[in-house]
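Asker: Before we start, here is the structure in question, set down as structure tokens.
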Amino acid sequence: MPVATYPLVHIPLLLAHAHEAVPFPPRAPAPVAPPVAPASPLIFRLDPAIRWLALALVLLVGSMVASGAGALGLLIGIGVCVIWVATRRHYRLRYTQQQQAYHEAGTIYAAYLTRLARYEQEQHAFALADDLPRFRRERMAGLLATTLQPQPIPADVLAPPRGRSEAAFLEHLRQHFGADTIFVNCRVPVDDPRLGTRWYYPDFVYRDASGLCIDIEIDEPYVWATGMPHHCLGQDEDRNAFFLRKQWAVIRFTEEQAVRQPLLCCQVIAAEVFALTQRHYAARFYWERLVPVPQWDEAHARRMAVHQTRAAYLPVALARP
């Protein structure tokens, strides 16, 4: 398995995909047929004829009464009237239900027309030539708006000791990116009890107006005073994963890279910033590359401590105990 090399650049997947994202075309709403008004029942349209028929029936019953067959005629007349009233009530109820269903279908169809108009507007916007850059900018801005913000270390809190080379590298960072973009003496709250700490203390924080935050770290292979291995292979994975979950990028340099090639380290940062937010346009024209350094394991770190490799590149003033 190949060993990763410094600089180690970790970009949150959501941010990495945002500047490559392509918007999905709008989805057309499911078609809805326009409602059809129910036809008035035939029995309603026959009301005038029925009235004349009823009048004729009354006259018929009257003549039957005059001829002595009135009882039978009366029963027939009552039966016909009962059947007519029941039939008319049935059709009236069914027609009322059909009208109610028609109005409900009309409401559904009106909502469909609203969705269809919105879809046509979205389809038109989707077809615009400049929609893709705008979509990516908005997507990135939405992600960066949720970034966990660093906090200044309170004056009454003892900050972790800073590395021997960090002060000089800080000057290079601020010259390259501006003092209003590079921060030190910051901490980030940790909300995962499994990590065993309440705070992480970045060596440097890059934070610009877009909201992009980068944890910039300088990794020493061993502790100067004790020779204990430091930042060995796999040692910082949980910490890196935490920052990635919080939409922070993480860029790690070796101490030797930061001391010997500080400007190229700044260019690495600028190139990643440009890839994500299109800031630092000059990063497109950088051609010189930082010399890669393989990650070290514990055995390698102990060998470097024995040979005092840090003393070979640190300035004399910094290399003193």
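The values are calculated or read from the model by the stated rules, or taken from the named source; none is laboratory data. Just so you know, these numbers come straight off a predicted model, no measurement behind them. We place every Cβ from the backbone using ideal geometry, glycine too, and count neighbours over all the protein chains shown.
Asker: For segment 146-166, what are the residues that are modelled with pLDDT of 90 or more and either under 34 Å from the mean Cα position of the chain (by Cα) or closer than 16 Å to V205 by Cβ (or both)?
Answerer: Selection gives T147, L148, Q149, P150, Q151, P152, I153, P154, E166.
Asker: Name the residue, out of A225, A209, A249, that is at pLDDT 95 or above and either over 30 Å from P2 (Cβ atoms) or not charged (D, E, K, R) (or both). Let's see the steps before the verdict.
Answerer: Values: A225 fails: at pLDDT 95 or above; A209 fails: at pLDDT 95 or above.
When all the criteria are applied, what remains is A249.
Asker: Another question, then. Of the residues that sit in segment 248-291 and are acidic (D, E) and farther than 14 Å from I216 by Cα, which one is surrounded by the most Cβ atoms within 10 Å (Cβ to Cβ)?
Answerer: Residues of segment 248-291 that are acidic (D, E), as a first pass: 255-256, 272, 288.
After this cut, where a residue has to be farther than 14 Å from I216 by Cα as well, the list is 256, 288.
Numbers: E256: 21, E288: 9.
Per the criteria, the residue is E256.
Asker: Among the listed residues A125, A167, A145, which satisfies the condition of being in contact (Cβ under 8 Å) with a residue 12 or more places away in the chain and small (G, A, S)?
Answerer: On the way: A125 fails: in contact (Cβ under 8 Å) with a residue 12 or more places away in the chain; A167 fails: in contact (Cβ under 8 Å) with a residue 12 or more places away in the chain.
Going through A125, A167, A145 in turn, just one is in contact (Cβ under 8 Å) with a residue 12 or more places away in the chain and small (G, A, S): A145.
Asker: Would you call A305 in contact with a Gly (Cβ under 6 Å, 6 or more places away or on another chain), within 21 Å of Y222 (Cβ to Cβ) and at pLDDT 95 or above? Show your work before the answer.
Answerer: Working: in contact with a Gly (Cβ under 6 Å, 6 or more places away or on another chain): yes; within 21 Å of Y222 (Cβ to Cβ): yes; at pLDDT 95 or above: yes.
Yes; evaluated as a whole, the condition is true for this residue.
Asker: Same structure, new question: Quick one: count up the residues across segment 246-270 that are assigned to a loop (DSSP other than H, G, I, E, B) and over 13 Å from F169 (Cα atoms).
Answerer: Filtering segment 246-270 for residues assigned to a loop (DSSP other than H, G, I, E, B) gives 246-248, 261.
Those left that are additionally over 13 Å from F169 (Cα atoms): 246-248.
Number satisfying all stated conditions: 3.
Asker: Restricting the search to segment 146-186, which residues are surrounded by 13 or more Cβ atoms within 10 Å (Cβ to Cβ) and assigned to a loop (DSSP other than H, G, I, E, B)?
Answerer: T147, L148, P150, I153, A159, R162, G163, R164, S165, T181, V184, N185
Asker: Further question: Considering only segment 254-291, state which residues are touching a Leu at 6+ places or on another chain (Cβ under 8 Å) and aromatic (F, W, Y).
Answerer: None - no residue of segment 254-291 is touching a Leu at 6+ places or on another chain (Cβ under 8 Å) and aromatic (F, W, Y), so the list stays empty.
Asker: Additional query: Looking at (1) modelled with pLDDT under 80; (2) small (G, A, S); (3) out of contact with any helix residue (DSSP H, G or I) (no Cβ under 7 Å at 6 or more places or on another chain), which is the one condition that is false for G73?
Answerer: For G73, the failing item is (3).
Asker: For segment 200-217, check the following and say yes or no: at least one residue is farther than 25 Å from R289 by Cβ, more than 27 Å from the chain's Cα centre (by Cα) and surrounded by 19 or more Cβ atoms within 10 Å (Cβ to Cβ).
Answerer: Looking through segment 200-217, none of the residues is farther than 25 Å from R289 by Cβ, more than 27 Å from the chain's Cα centre (by Cα) and surrounded by 19 or more Cβ atoms within 10 Å (Cβ to Cβ).
Asker: If we scan segment 32-44, do we find a residue that is closer than 30 Å to R252 by Cα, surrounded by 14 or more Cβ atoms within 10 Å (Cβ to Cβ) and at pLDDT 80 or above? Give the derivation first.
Answerer: First, pick out the residues of segment 32-44 that are closer than 30 Å to R252 by Cα: none.
Looking through segment 32-44, none of the residues is closer than 30 Å to R252 by Cα, surrounded by 14 or more Cβ atoms within 10 Å (Cβ to Cβ) and at pLDDT 80 or above.
Asker: For segment 279-293, indicate whether the set of residues that are within 36 Å of the chain's Cα centre (by Cα), at pLDDT below 95, of a type in the set (F, W, Y) and part of a loop (DSSP other than H, G, I, E, B) is non-empty.
Answerer: Yes; the residues of segment 279-293 include at least one that is within 36 Å of the chain's Cα centre (by Cα), at pLDDT below 95, of a type in the set (F, W, Y) and part of a loop (DSSP other than H, G, I, E, B).
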